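K.L.:
Got a structure here, written out as structure tokens. Questions coming.
Read-outs: derived from the displayed coordinates by stated rules, not from any lab. Nothing here was measured: the structure is a model prediction, and the numbers come from that model. Counting neighbours? That spans all protein chains shown, and the Cβs are built from the backbone with ideal geometry, glycine included.
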Amino acid sequence: MSRTIEDKKEIVADLKETLSESSLALVINYQGLTVAEITDLRRRLRPSGTVCKVAKNTLMGIAIEGDEKWQPLSELLKGSSAFLLVKEDFSSAIKAYQDFQKVTKKTELRGGVMEGRLLKEPDVKALGDLPSKEQLMGQIAGAINALATKIAVGINEVPGSLARALQAVAEAEKDGSAESAGE
């Protein structure tokens, strides 16, 4: 059953809307995946704020037409394409896809587009190796905590250092006055 023009316009509008909310788009060859496997992929991607869209390349081509941010995607539109549209945490999304790929061994990553740049498989892999949003927030919190601790210790040390310096001066004066008295 072929789609009506209204259906196609609706699909293109949905793709445009999802792309406008996305920071990264990955294109995979999904040929050979069962419906259950695609459902599994979508389930794995959901926590990272990623949407998996299966659409005809021509409809995606229409959706990215005139949008410079997504124009490089046109180079990846061939064969059976599924689009992983990442809204938030791209590192977690890439890791979720890689885990799925290890299990099924049926998909192939063609590449992706981020900020108007075409990404090849090694580029996407490098993005996947970055720490997740939660890990980065933990690292920043740890660094802030360590800095606050160092500042607190430093501030605490000032009165102690001042007291030791005054004590040393007092002892020096005392020794000096005792020597003067002994002469």
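K.L.:
Using the Cα centre as the reference, give the magnitude of the dipole from point charges on the C-beta atoms of the chain (Lys, Arg: +1; Asp, Glu: -1; all else neutral), rounded to the nearest 20 debye.
P.N.:
1420
K.L.:
Calculate one ³J(HN,Hα) per residue across segment 56-72 by plugging θ = phi - 60° into the Karplus curve 6.51 cos²θ - 1.76 cosθ + 1.60, and present them in order as whole Hz with x for glycine and proline.
P.N.:
Using θ = phi - 60°, the values come out as 5, 4, 5, 5, 5, x, 5, 5, 8, 4, x, 9, 4, 4, 10, 4, x Hz.
K.L.:
What distance in nm separates the two pseudo spin-label positions at Lys174 and Ile38, each 7 Å out from Cα along the beta-carbon direction?
P.N.:
Each label point is offset 7 Å from its Cα along the Cβ direction, giving 8.8 nm.
K.L.:
I would also like to ask the following. From Cα coordinates alone, what are the radius of gyration and Dmax values for the chain in angstrom?
P.N.:
In order Rg, Dmax, the Cα atoms of the chain give 30.4, 117 Å.
K.L.:
Enumerate the amide H contacts of Gly111 below 5 Å, restricted to partners 5 or more residues apart or on another chain; note that Pro and chain-start residues carry no placed amide H.
P.N.:
For Gly111, whose amide H was placed from the backbone, the distant partners under 5 Å are Val27.
K.L.:
Another question, then. When ranked by the protection proxy of mean other Cβ atoms within 10 Å per residue, highest first, what sequence do the peptides 29-42, 89-102 form?
P.N.:
Ranked by mean Cβ neighbours within 10 Å, highest first: 89-102, 29-42.
K.L.:
What does the extension gain come out to for Glu10 and Glu121, with contour length at 0.36 nm per residue minus their alpha carbon separation?
P.N.:
Extra length available between Glu10 and Glu121 comes to 36.9 nm.
K.L.:
Amide H of Thr50: which non-local residues (sequence gap of 5 or more, or other chain) have their own amide H closer than 5 Å, using H built in the peptide plane?
P.N.:
Residues meeting the criterion, in which the H sits 1.01 Å from N, are Lys87.
K.L.:
Averaging sequence separations of C-alpha pairs under 8 Å and six or more residues apart, then dividing by the length of segment 1-134, give the relative contact order as a whole percent.
P.N.:
34
K.L.:
Exposure proxy check: Lys9, Lys16, Lys174 ranked by fewest other beta carbons within 10 Å?
P.N.:
The order, fewest Cβ neighbours first, is Lys174, Lys9, Lys16.
K.L.:
Calculate, in nm to one decimal, what Met137 and Asp99 gain on full extension: separation in residues at 0.36 nm each, minus their alpha carbon distance.
P.N.:
Extra length from Met137 to Asp99 when fully extended: 11.4 nm.
K.L.:
Peptides 44-53, 149-158: what's the order by average Cβ count within 10 Å, highest mean first?
P.N.:
Ranked from most to least packed, the peptides come out as 44-53, 149-158.
K.L.:
Using only helices, what value at 222 nm comes out for the chain when you add -39,500 (n - 2.57) per DSSP H run of length 4 or more and divide by the total residues, to the nearest 500 deg cm²/dmol?
P.N.:
Using -39500 (n - 2.57) per qualifying helix, the result is -20500 deg cm²/dmol.
K.L.:
State the answer as a single residue: which of Leu73, Gln139, Thr149 lies farthest towards the positive end of the charge dipole of segment 67-161, with beta carbon charges of +1 for Lys and Arg and -1 for Asp and Glu, about the Cα centre.
P.N.:
Leu73
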